[in-house]
Amino acid sequence: MFEQVAAEIRRAILDGEAAPGERLPPAKDLAAELGVNSNTVLRALRLLRDEGLLEFRRGRGVTVTGTPERAALTAKALELVDLARGHGYRRDELVRLIESLP
């Protein structure tokens, strides 16, 4: 479920609905809006932070740091990782394959 929430926020960044520098609503407000548990939203936000799309700032909340271009690239990279997993590739094998490309 958290991956679906992350995908919705990623799409908002991609579509320009959430621009770099913009603060997101608190997790409890996002959870109420999306009809999910606050912990689900927090897990999704951490995932997007790890992808470089969000930044957590003490006392200032969650800020969008990624661009629509980065969101698009991240979405495609996640699709590639899912495809590779579906075909039995491990992450290190996928990385080697990508590094071998011209």
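Laboratory data are not the source of any read-out in this text; all were calculated from the coordinates shown. Just so it is clear, the model here is predicted, and its values are computed rather than measured. Cβ: placed from backbone, ideal geometry, glycine included. Neighbour counts: every protein chain shown.
Where in segment 1-32 does the amide nitrogen come within less than 17 Å of the point 7 Å from the Cα of A72, taken along Cα to Cβ?
10-20
Per-residue HN-Hα couplings for segment 62-70, Karplus 6.51 cos²θ - 1.76 cosθ + 1.60 at θ = phi - 60°, whole Hz, x for Gly and Pro?
9, 10, 6, 10, x, 9, x, 5, 5
For the Cα atoms of the chain, what angle does the longest principal axis make with the long axis of helix 2-14, in degrees from 0 to 90, nearest 10?
90 degrees
Could you sort 16-27, 66-77 so that the peptide with the highest average Cβ count within 10 Å comes first and the rest follow in order?
66-77, 16-27
Using Cα pairs under 8 angstrom and six or more residues apart, how large is the relative contact order of the chain, in percent?
29 percent
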